[in-house]
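The values are calculated or read from the model by the stated rules, or taken from the named source; none is laboratory data. This is a predicted model, so every value here is computed, not measured. FYI the Cβ positions are ideal-geometry reconstructions off the backbone, even for glycines, and counts take in every protein chain you see. Surface areas here come from the heavy atoms of the whole protein model, side chains and all, with no ligands, DNA or RNA. Shrake-Rupley method; radii C 1.70, N 1.55, O 1.52, S 1.80 Å.
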Amino acid sequence: MNAIKVLRTSIPMNGDEFGKLIGVTRSAISKYERGKISASKKKKHMIADIFKIDVSLLKNDIKYQIIEKEIKMIEEVLYEN
């Protein structure tokens, strides 16, 4: 599964909402998640900042298992409030 999709769905947020958050369309989010296009360096940094992760985790070939720990930490922070 694509790292951006794993992160986005962990919050949970639909593609339109997430696109608005980082300044792109729902279609662009869908293309990022399907590997059709790559997010720009600036957008990857925005996503990394939102999820408080290292931008290197946003490579398209990252497997879910690699960022599973990161997602659990994010969920703990998000659902703490």
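In this structure, does Ile53 turn out to be closer than 18 Å to Asn14 by Cβ, modelled with pLDDT under 90 and in contact with a helix residue (DSSP H, G or I) (Cβ under 8 Å, 6 or more places away or on another chain)? No; evaluated as a whole, the condition is false for this residue. Taking the stretch 1-11 as the range and being open to solvent by 60 Å² or more (accessible area, probe 1.4 Å) and farther than 13 Å from Arg34 by Cβ as the test, only Thr9 passes. Within the stretch 8-23, can one find any residue that is more than 20 Å from Glu76 (Cα to Cα), of a type in the set (Ser, Thr, Tyr) and part of a helix (DSSP H, G or I)? No, that holds for no residue. Residue count for the stretch 24-51 satisfying the condition of being in a loop (DSSP other than H, G, I, E, B) and touching a residue at least 24 places away in the same chain (Cβ under 8 Å): 2. Scanning the stretch 12-45 for residues that are buried (at least 17 other Cβ atoms within 10 Å of the Cβ) and either aromatic (Phe, Trp, Tyr) or under 11 Å from the mean Cα position of the chain (by Cα) (or both) yields Gly15, Phe18, Gly19, Ile22, Ile29, Tyr32, Glu33, Ala39, Lys43, Lys44.
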